[in-house]
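Worksheet: the structure to be examined is printed underneath.
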Amino acid sequence: LKIPPQEMPAQEPDVRKNNVEEVALGYTEEEARLEAMRCIQCKNAPCVEGCPVRINIKDFVGAIADGDDQKAMEIIQQNQLLAAVCGRVCPQEIQCQAKCTVGLRYKDPTMAVSIGRLERFVADKFLDNDMTPKIAPETGKKVAVVGSGPGGIVVAGECRRAGHDVTIFEAFHKPGGVMVYGIPEFRLPKALVQKEIDKLIKMGVKLECNFLVGRTRTVKQLMNEDGFQAVYIGVGAGLPKFMNIEGEQLVGVYSANEYLTRANLMKAYDFGKGADTPIARSKKVAVFGGGNVAMDSARTALRLGAEEVYLIYRRSEAEMPARIEEIHHAKEEGVKFLILQNPKRILGDDKARVRAVECLRYELGEPDDSGRRRPVPIEGSEFEIEVDTAIVAIGNGANPLLQQTTPGLKFNKWGNIEVDDNCKTSIEGVYAGGDIVLGAATVILAMGQGRIAAQSINEYLKSG
Amino acid sequence: MPHKIVNKNQLSENVYRIEVEAANIASARKPGQFVIVGISTEYSERIPLTIAGADADKGTITLIFQAVGKSTAEMANLEVGDSIDNIVGPLGQPTHIEKFGTVVCVGGGIGNAPLLPIAKGLKEAGNKIISIIGARTKELIILEDEFKAISDELTVVTDDGSYGRKALVTEPLKEVCSRGEKPALAVAIGPTPMMKFCCLTTKEFDVPTVVSLNTIMIDGTGMCGGCRVEVGGETKFVCVDGPEFDGHKVNFDLMMKRMNAYKDLEQEALDKYKEHRCKIGLDK
Ligand SMILES: Cc1cc2nc3c(=O)[nH]c(=O)nc-3n(C[C@H](O)[C@H](O)[C@H](O)COP(=O)(O)OP(=O)(O)OC[C@H]3O[C@@H](n4cnc5c(N)ncnc54)[C@H](O)[C@@H]3O)c2cc1C
Ligand SMILES: Cc1cc2nc3c(=O)[nH]c(=O)nc-3n(C[C@H](O)[C@H](O)[C@H](O)COP(=O)(O)OP(=O)(O)OC[C@H]3O[C@@H](n4cnc5c(N)ncnc54)[C@H](O)[C@@H]3O)c2cc1C
Ligand code: SF4
Ligand code: SF4
Ligand code: FES
């Protein structure tokens, strides 16, 4: 326990806010070895329980400490298909690392073994190695995967491995889901996601982009007319929430989804240098929210040239749902945090362009249902902040398209698909997982459900 | 999967009709629906275009578009045999088609393209169709023959009187509404100000009016909210709740302002594109 936690090298804040390249650069061999040696190889390995897909953390970290990265990779791959992705974007501090004995001993989660960084280190090292899994003999059975997010990718891989004929249907022109259109390049390079997709294609998975299930074909048509015996629905939580305050229709008000899609998927940061999709040339930007989506929006705005970016959040910093590392990076880059404040309305000029936001100050009151102290507005505390752009990043609800076009499929009152423990829906042969089931969740949870769904599908097709 | 252009012709100075391969869409589409087109995958903008017609047997759809900015100008330069990388659809709610009685269909400029399949569908459902089509000037009148074929009555107007009657579409619209037998429905599609004034006209006569909105879009699936408009005081997404709405409830003024959000940047992109094409000597 004498080795201090190894920091991960990163681009300098002043440099990185002017480019879209990845911020965190990854461990060197030596740093990884040292970090891995901080693991005390607990007998009961509590960290494993913190990981939604139960990676055998203790053993893979042990393997790195021993200098056997190949073995570490093999251990990770038993449970995890997207290690390079999850090592980067998992909220480790509330998952695996929250349970780590070392962190607990110091009563400081940032002192825990950096499991995510080590996972990334190993995954990156073997990124170009061809480890295409073996495929079972063709079964002649067809599986449709709707949506190419992390859940869909896992299902496609696992069902193909079982020898089924798998097609992914994706509404966008590029596969990858939120990992491609939402999470920015500087946090998750798109090339990594593309590698995973390439691997699927090599395994023989078919990919149909520009295919909106519910409109191009319905789930019923896929099953009754196109011969798919099983369907996995992993369409994510694609419905932006707005705040329903005055001024939200003004020019310059974006949902985070729109802002990030323009910037990431459509590469608006290259507008004028090839890309055709424009985005506001903002000077002063207000972002509403405190999660990963809000951090990503704020940091993207900086990279698009904004001089000042305010992050406005109505609770206190301790309650922010964003990953600690992202909050830290955002601050380093100069995002101004306005906590315990919330917009009351957005003000426009005579051309209906955003001119300012009017905010209210809040204080923390009694704990609410979520156990967090409820923010209460302080009356008469209104004040204005001058901005030209406002980005609403308060979360996503469920997109209603499949609900409208799939009779017989059961949804809960929030519009999320209802599934049992095996990710089976109310329709025979139809399974679902990820954000459309869980509400806006995480990459690793979507993958976890994808695994369960794939197992159920493979089981179902055996008997069917 | 690339979509090959199998047919192309020019309808007026800046308006083109192309027929492209898109089998899934051709068989699934209904009047009133649209597609989103991206010419190439890496950098192209996603632009919404109404499905102006489809041939399910051939597996093709017809798009009619006006070259107004960079992406549409680029598309206008594609020829038969060239391909468009991405087309997704059909998107949006289909037009509600039933037998209403007499329907007046009003189209302005490029709006005639999205109007045609709707008018056709209404005709096939047994409605009497009174069509009013207009444009700024003679050269910009498109699809006149197609409208003639499906209309019980057709009036053509131009702003400058170079063809048909010299009037704005709202004039004949008003006359039709004031006749003894009032139309049961009006459908108005065209530039936003035109739709706004058509709605003001029909409102006077209490003629229910459907408009098809052409807001800025990205995904077309309800994910980004960029296409939001205010209808009856509520926020609606044109791509999933529309594109057609009760015109008497649409907040057109706000919509027009939102549509100008990228004016400067769009002009910049178009200028650059034109300059580039001139340099490499492709422009006529
Ligand atoms: C900005 C942002 C930052 C985030 N940061 C993190 C983070 O740091 N760490 C983390 O763990 N999680 C993060 N998340 C959450 C995480 O990305 C999601 O929980 C996860 O991607 C959900 O996966 P999914 O399998 O449900 O599919 P999604 O990734 O949501 O993908 C669904 C796909 O389905 C497609 N689709 C939708 N409807 C249809 C249809 N009808 N037909 C065909 N295709 C359709 C969509 O186009 C999309 O590609 C973030 C989310 C956002 C928006
Ligand atoms: C549902 C729907 C159906 C449409 N059908 C047709 C059609 O059948 N024929 C046709 O010619 N046009 C149609 N449009 C409009 C067409 O999408 C735009 O003209 C096109 O996107 C302009 O792209 P650009 O790059 O060439 O021009 P830009 O330089 O980007 O813009 C020029 C003008 O087009 C508007 N515009 C820009 N981007 C978009 C966008 N993504 N969506 C909508 N408008 C935009 C701008 O407000 C501007 O006034 C439709 C729009 C919608 C929403
Ligand atoms: S997948 Fe996520 S939770 Fe699991 S070990 Fe890796 S970083 Fe931790
Ligand atoms: S809990 Fe921490 S120290 Fe213990 S085995 Fe897991 S990573 Fe190592
Ligand atoms: S275009 Fe994105 S929600 Fe309508």
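Computed values, structure above
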{"quantity": "Cα gyration tensor shape for chain A, rounded if a/c is under 1.5, else prolate or oblate", "calculated": "oblate"}
{"quantity": "Segments A:429-436, A:404-411, A:91-98 sorted - mean Cβ within 10 Å per residue, highest first", "calculated": "A:429-436, A:91-98, A:404-411"}
{"quantity": "Length gained when the stretch residue B:249-residue B:175 is fully extended (0.36 nm per residue, less Cα-Cα span)", "calculated": "24.4 nm"}
{"quantity": "Cα gyration tensor, segment A:1-92 - rounded (a/c under 1.5), prolate or oblate", "calculated": "prolate"}
{"quantity": "Cβ-based net charge around residue B:58, under 14 Å, with every Lys or Arg adding one and every Asp or Glu removing one", "calculated": "-2"}
{"quantity": "Sites residue A:283 and residue B:43, calculated FRET efficiency, Cβ-Cβ separation with R0 25 Å, nearest 0.05", "calculated": "0.45"}
{"quantity": "Under 15 Å, Cβ to Cβ, from residue A:27 - net charge with Lys/Arg +1 and Asp/Glu -1", "calculated": "-4"}
{"quantity": "Whole-angstrom gap from segment B:204-262 to segment A:431-464, using each part's C-alpha centre", "calculated": "36"}
{"quantity": "Residue-averaged [θ]222 nm for chain B, counting only DSSP H segments that reach four residues, each worth -39500 (n - 2.57)", "calculated": "-8500 deg cm²/dmol"}
{"quantity": "Over segment B:102-260, relative contact order from alpha-carbon pairs under 8 Å, at least 6 apart, %", "calculated": "19"}
{"quantity": "Across B:196/B:249; A:174/A:206; A:199/A:273; A:267/B:70, pairs whose alpha-carbon gap is larger than 19 Å", "calculated": "A:199/A:273"}
{"quantity": "For segment A:154-197 versus segment B:1-80, the gap between their alpha-carbon centres in whole angstrom", "calculated": "27"}
{"quantity": "Kyte-Doolittle mean at least 0.0, axial Cα span of 18 Å or more - DSSP H helices of chain A", "calculated": "A:443-463"}
{"quantity": "For chain B, built as a Gaussian network whose Cα springs stay under 10 Å, the top-fluctuating residue of B:269, B:54, B:186", "calculated": "B:269"}
{"quantity": "Simple label model, 7 Å out from Cα along Cβ direction - residue A:374 to residue B:136, nm", "calculated": "5.8"}
{"quantity": "Residue-span extension gain [residue A:129 to residue A:410] - 0.36 nm each, minus C-alpha spacing", "calculated": "96.9 nm"}
{"quantity": "Per-residue [θ]222 nm for chain A (sum of -39500 (n - 2.57) over DSSP H runs n ≥ 4, rounded to 500)", "calculated": "-9500 deg cm²/dmol"}
{"quantity": "Around residue B:102: net Lys/Arg minus Asp/Glu count, Cβ-Cβ under 12 Å", "calculated": "+2"}
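Every read-out reported here was derived from the displayed coordinates using simple, explicitly stated rules and does not represent laboratory data. For clarity, every value in this text was computed on a predicted model and none was experimentally measured. Note: ideal-geometry Cβ built from the backbone for every residue, glycine included; neighbour counts use all protein chains shown.
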